[in-house]
Structure formats: structure tokens, C-alpha cells
């Protein structure tokens with residue numbers, strides 16, 4: 001019997017085709033039958049992909065999103081500290097981006113899950129408002145019919161029974177509180193409550209945590225210093241890191257974990273094995289994308305799947321990547337994957353192309369990318385006309401659809 005490592009060395013039949021951007025036939029086919037649309041897999045975290053995901057559900061109801069549960073900022077961190085649990089904010093956010101927002105969906109539940117308590121109200125007022133939610137008297141809760149209302153209240157009562165007395169509701173997402181209650185009610189597992197919430201709002205795709213563990217991420221910098229916590233690395237809520245990142249690692253509390261101690265669950269490996277396209281999407285390079293690629297079995301599972309594997313780099317400035325050009329960022333991504341596959345795995349087995357906005361790269365960058373990694377760069381007009389630092393969701397969806 002072959003091991004997984006042996007499989008990487010088995011020759012495969014390679015079939016190529018010319019790709020037209022945009023491929024109007026593939027786009028039209030997907031638009032007419034999104035329920036049979038392609039299985040596009042995204043290794044993603046944060047909110048950078050949400051607008052694209054919201055548009056993508058017009059073309060496919062089968063996209064898969066593996067999300068990092070390592071956020072250490074905002075209301076997610078309040079829940080992490082209160083319940084020693086993974087971050088759920090990015091998971092909830094992607095669920096809502098993929099929810100069916102038509103009348104066939106559950107608009108009342110969608111409004112409840114996206115509601116946030118005020119950030120500037122007094123604690124007593126916030127606790128009183130939550131009490132009206134818990135009693136079913138809040139207007140958002142009254143709008144939800146049975147049995148959905150009882151299902152949601154069950155999760156919230158578990159949250160209420162476990163929350164610390166001094167828990168702060170300021171700026172809290174009600175959807176996050178429901179997820180926290182469901183996590184606690186299901187033996188501290190995210191997958192059951194993510195499944196339940198997906199059904200409640202008719203999510204048109206699959207959203208999972210890349211691993212169902214309460215972990216932190218840390219970074220060793222080129223100057224030898226160490227930074228612990230996603231919030232401290234991103235440079236968005238705090239000053240940017242003082243030196244480039246040498247290595248990203250997992251930690252439990254303040255203790256660094258060996259890489260092989262964090263393994264991709266089988267259910268997520270199956271998503272990779274069935275994917276029609278794999279995308280490393282926009283977002284903070286290290287904390288949103290590479291953090292998803294670090295669990296053992298991710299790189300091997302990707303290398304074994306013979307489908308397009310596309311890097312869609314972020315537009316604008318990424319504080320996590322000081323001084324890094326496109327070739328450098330591709331090299332870091334490949335290095336993260338090769339840590340799992342071993343050094344002999346070909347670049348083309350891990351990434352088949354980079355798709356860039358035409359205005360975001362120059363000819364020298366493309367040449368360096370080809371020379372260093374032998375990976376082609378497809379340059380298209382993908383940015384919004386009035387926001388060159390943001391992708392146009394429709395153009396990105398059409399580009400990805402043209403590849404499958």
C-alpha cells in the first residue's frame with residue numbers, strides 16, 4: 001500500500017486547455033445552474049474575501065471556505081478570553097456572506113445573526129437589551145418563527161449560563177454569542193453549531209474552521225524577536241511589525257507547538273480532495289492565508305489534487321509584508337506548503353498560476369516571478385474603478401470561473 005508521500009511521486013495524466021478570460025460559456029452555465037456550480041475551495045480568514053464570496057453565490061452554491069479561527073482582536077477575543085474557545089467572528093462573517101438573502105432564505109434570522117450591540121451604551125443598558133433577546137421579547141427575536149426561535153434561544157441560554165458576570169456586551173455580535181453558546185452546548189466543538197447556523201440562514205456553500213482548536217498564532221521576525229497573537233502581527237490595530245516575518249507558528253497560550261501537533265481534520269481533507277479549483281485569496285498574507293496552510297496534511301492534500309491552484313494577491317499595502325514583492329510573497333506561500341510536502345514537491349503541484357490586477361504589478365515583477373518559481377502570472381483588469389485597492393467581485397468571480 002502506498003503512503004501519502006509516495007502518492008506525490010506517481011505520474012499523472014496532464015491535460016491542458018487554452019483559457020479565455022472571461023469565458024462567457026462557463027460563466028453563463030454557472031449562472032443558469034448555481035446549484036451544480038464548481039467546488040471552489042478558499043483558504044481564507046478575515047473579511048477581505050466577503051464581497052467576492054457574496055457575489056460568488058450567484059454562480060455556485062458549492063464553494064468551500066476554510067477559515068482561520070485564530071483572531072485575537074475585537075469581540076471574538078472577548079469570547080476567547082471568557083470561554084477559552086476558538087475565534088468565531090470570521091466564521092460568522094463568511095456564513096453571512098454566503099447566506100441566501102432572497103425571500104427563499106431566512107432574512108429574519110440573517111438580521112438577528114448580523115446584529116451588533118452598541119459600542120457606546122452603558123453596561124447596564126446592554127445587559128438589559130440582551131435580557132430582552134433571551135426572553136424572546138426583542139423585536140429581532142419576535143420576528144423569528146418557531147421552531148427556529150427555540151433553537152436559537154437554546155444556544156443563547158447556554159451562553160448565558162456560562163458567561164462571566166463582567167462579560168462586556170459592547171460591540172458584541174449577536175451571531176457570535178449564538179455560536180459561542182452552540183460551541184459550549186456541543187462539548188466544545190465548532191462543527192455542529194456551524195452546521196446548524198448554515199441551515200438556519202440557508203448558506204449557499206460550506207464554511208468550516210480549518211482546525212477546531214483554540215490556538216494562537218505567533219511569528220518569529222528576521223531580527224530574532226517574537227510576536228504572539230494575530231492582532232499583534234497584522235499591524236492594523238497596533239503599529240506594524242518592526243521586521244519581516246521569518247516564520248509563523250502555532251501556540252497554545254504562550255507555549256509554541258510543534259508543527260506536526262496540529263493536523264487538518266479528515267472532513268476538511270475531503271473538501272480539498274473534491275475541489276475543482278483551489279484559491280489562495282486576498283487577505284493578510286500570514287495571518288489570513290498562510291495560517292490556514294500550516295496544519296499537517298494541508299500541503300500534501302493540495303499537491304495530490306490535479307486542479308487549478310491560484311494565488312490572488314491582495315491589492316494595496318499589507319503591513320505583514322514589509323518590502324516584499326510578488327515573487328517574495330509567492331515564495332513564502334510555497335514554503336509554507338512545502339513544509340508539509342517536503343522539498344522535492346514541484347512548485348506547479350502547489351500553485352499553477354497567479355492572477356493579478358494589471359495595474360498592481362509591473363513587467364519586472366512578473367519576470368522575477370517566472371525566474372524564481374516558474375509560475376505564470378495572468379494580468380487582468382480586476383480592481384474597482386474608483387477603489388484600486390479593492391477587487392471588483394464580479395470580475396474576480398468571472399476570472400475564477402473561467403479556469404474550471
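Things to note:
- The number of residues in the stretch 61-84 that are crowded, with 19+ Cβ neighbours inside 10 Å and part of a loop (DSSP other than H, G, I, E, B) comes to 8.
- For the stretch 197-223, filtering for residues that are within 16 Å of residue 96 (Cα to Cα), out of contact with any strand residue (DSSP E or B) (no Cβ under 7 Å at 6 or more places or on another chain) and surrounded by 18 or more Cβ atoms within 10 Å (Cβ to Cβ) leaves 3.
- All positions within the stretch 393-404 that are within 25 Å of residue 18 (Cβ to Cβ) and either surrounded by 20 or more Cβ atoms within 10 Å (Cβ to Cβ) or in contact with a helix residue (DSSP H, G or I) (Cβ under 8 Å, 6 or more places away or on another chain) (or both): 394, 396, 397, 398, 399, 400, 401, 402, 403, 404
- The test for being assigned to a helix (DSSP H, G or I), without any contact (Cβ under 8 Å) to a residue 24 or more places away in the chain and surrounded by 15 or more Cβ atoms within 10 Å (Cβ to Cβ) holds for residue 153.
- Where residue 279 falls short, out of the listed (1) assigned by TED's automatic domain parsing to the domain that holds residue 49; (2) in a loop (DSSP other than H, G, I, E, B): (2)
Conditions (1) at pLDDT below 95; (2) surrounded by fewer than 16 Cβ atoms within 10 Å (Cβ to Cβ); (3) within 20 Å of residue 79 (Cβ to Cβ), marked per residue:
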| site | (1), (2), (3) |
| --- | --- |
| 122 | no, yes, no |
| 145 | yes, yes, no |
| 174 | no, no, yes |
| 177 | no, no, yes |
| 180 | no, no, yes |
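- Here residue 272 clears all of (1) under 30 Å from residue 376 (Cβ atoms); (2) assigned to a strand (DSSP E or B); (3) within 20 Å of the chain's Cα centre (by Cα) except the condition numbered (2).
- Checklist (1) over 24 Å from residue 40 (Cβ atoms); (2) touching a residue at least 24 places away in the same chain (Cβ under 8 Å) applied to residue 138, failing item: (2)
- Residue match in the stretch 109-118 (condition: surrounded by 17 or more Cβ atoms within 10 Å (Cβ to Cβ), over 22 Å from residue 74 (Cβ atoms) and in contact (Cβ under 8 Å) with a residue 12 or more places away in the chain): yes
- The stretch 28-51 - residue that is more than 12 Å from the chain's Cα centre (by Cα) and closer than 30 Å to residue 229 by Cα and, of those, modelled with the highest pLDDT: 40
The values are calculated or read from the model by the stated rules, or taken from the named source; none is laboratory data. Keep in mind that what you see is a predicted model, and the values were worked out from it rather than measured. In this analysis, Cβ positions are derived from the backbone assuming ideal geometry, glycine residues included, and neighbour counts consider all displayed protein chains.
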